[in-house]
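So the structure is just underneath, and the comments pick up after that.
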2 protein chains.
Amino acid sequence: MHALGFEHHDHHRCKREALTTAEAHCARHRLNFTPQRRRVLEILLAGHRAMGAYEILDTLRDEGLGAQPPVAYRALDFLVTNGFAHKIERLNAFIACTHPDATHTPAFLICRICDAVAETHAEPARGMLGAAAEAAGFEIEQAVVEAVGRCPRCRDGAAPCR
Amino acid sequence: MHALGFEHHDHHRCKREALTTAEAHCARHRLNFTPQRRRVLEILLAGHRAMGAYEILDTLRDEGLGAQPPVAYRALDFLVTNGFAHKIERLNAFIACTHPDATHTPAFLICRICDAVAETHAEPARGMLGAAAEAAGFEIEQAVVEAVGRCPRCRDGAAPCR
DNA sequence: CTTGATATGTTACATCATAACGATTATCAA
DNA sequence: TTGATAATCGTTATGATGTAACATATCAAG
């Protein structure tokens, strides 16, 4: 598996696919994919980057879909809980999942210059971390893996992506 | 290397050693280990857990060492920059480094029940994450690795550590 | 229709963090 | 010594992120 997010690709298609996948998953699991929740996912997919809850809320407010913080946070909780979006702890921001169809342990590559984020896959629970956890008697349920550095564009000295 | 933090050990000794190490490192690198910075490290070492900046600030205030947030955040910046403490992104909190003498890529085991944190070591830049970064042309400078789960005490159904 | 579960709307507040600016202190070359 | 410079500290004010609590609305099951 390789990282998505830095290279160009068909945004329109990836948005459609993510929404279709989310719809199907909700239907199968009897989850309520409400207009608000759907819209927040669409906003994240359209932004195609890590977005703060208040930034998302601004859009919802403009569209008459809710004006107070809990509106955004509740929709984001739903999306994160069900794997359609992830929280980037390092940025206190949220991003649409780029491969929501797989059971996955997401890991992120975060550019410290332009804040671009690419999602990739890691299994930190294997290897050193897993061994350390086992030795300590710690049961890993979830892992936050966020690499900070420079994305290809910013390494090249090009203008930052955004 | 194994995780420190869940098992009992000689707190008095580990505090002394961490302070001695920090002092020596600052002396060697001409860093200004001021009373405020030293005191914040002592507070973190005494707490022996992840502490919020405002919690640390409360102690500083009681001791007449500063009453406003920037006082705590500046000292914490210094400690984090120089590797004497780490920020736990998941908790928005700070913890003293438990092995400040080594050049290390810290990783943390965070109990979701009692918030206990153990520091261990991982090299996520090797393995899958490193391969993904290389494939994407991303240069990893630093990594946040935070495993969330249950610590030994909370798994045993015992009363939470604190 | 009622009940219970889920989702939404809103107020108010809690928590985490930093910009900006002036005062103080340390350093060091002239 | 003196003056320039950088680092540190003290404070005000504000920004940014996140949640508790409660009222209202919706809807499916009994």
Original post:
If we scan region A:53-62, do we find a residue that is part of a helix (DSSP H, G or I) and more than 26 Å from A:L31 (Cα to Cα)?
Top reply: yes
Original post:
Of B:A53, B:A18, B:A24, which residue is away from DNA strand D (no atom under 13 Å from the Cβ), crowded, with 16+ Cβ neighbours inside 10 Å and among the small types (G, A, S)?
Top reply: B:A18
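Yes/no per residue for (1) surrounded by fewer than 17 Cβ atoms within 10 Å (Cβ to Cβ); (2) within 13 Å of chain B (Cβ to nearest Cβ); (3) in contact with a Leu (Cβ under 8 Å, 6 or more places away or on another chain); (4) closer than 30 Å to B:H9 by Cβ:
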site: A:I88; (1), (2), (3), (4): no, yes, no, no
site: A:L91; (1), (2), (3), (4): no, yes, no, no
site: A:I95; (1), (2), (3), (4): no, no, yes, no
site: A:P106; (1), (2), (3), (4): no, yes, no, no
site: A:V117; (1), (2), (3), (4): no, yes, yes, no
site: A:A122; (1), (2), (3), (4): no, yes, yes, no
site: A:E141; (1), (2), (3), (4): yes, yes, no, yes
Original post:
of a type in the set (A, V, I, L, M, F, W, C) and more than 11 Å from DNA strand C (Cβ to nearest atom): does that describe B:F108?
Top reply: yes
Subject >> Of residues in region B:125-158 being part of a loop (DSSP other than H, G, I, E, B) and more than 21 Å from the chain's Cα centre (by Cα), the one nearest to A:D115 (Cα to Cα) >> reply: B:F138
Original post:
In region B:74-86, what residues are assigned to a helix (DSSP H, G or I) and buried (at least 17 other Cβ atoms within 10 Å of the Cβ)?
Top reply: B:A75, B:L76, B:F78, B:L79
Original post:
Does B:A75 satisfy the criteria of being of a type in the set (A, V, I, L, M, F, W, C) and within 23 Å of A:A125 (Cβ to Cβ)?
Top reply: no
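If only one of B:A46, B:A27, B:A18 is part of a helix (DSSP H, G or I) and more than 25 Å from B:D115 (Cα to Cα), which one is it?
After ruling out the rest, the residue left standing is B:A27.
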Original post:
What are the residues in region B:32-50 that are more than 14 Å from the chain's Cα centre (by Cα) and crowded, with 16+ Cβ neighbours inside 10 Å, if any?
Top reply: B:F33, B:Q36, B:R37, B:R38, B:R39
Original post:
Of all residues in region B:52-79 being of a type in the set (D, E, K, R) and within 11 Å of DNA strand C (Cβ to nearest atom), which is nearest to the other protein chains (Cβ to nearest Cβ)?
Top reply: B:D77
**OP:** For A:L65, work out the one condition from (1) within 16 Å of DNA strand D (Cβ to nearest atom); (2) in contact (Cβ under 8 Å) with a residue 12 or more places away in the chain; (3) part of a helix (DSSP H, G or I) it doesn't fulfil.
**Re:** (3)
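Readers should treat all values here as calculations from the given coordinates under stated rules, not as data from a laboratory. The model shown is predicted, which means the values in this text are computed figures rather than measured ones. Methodologically, a virtual Cβ is constructed for each residue, glycine included, from the backbone with ideal geometry; neighbour enumeration extends over all protein chains shown.
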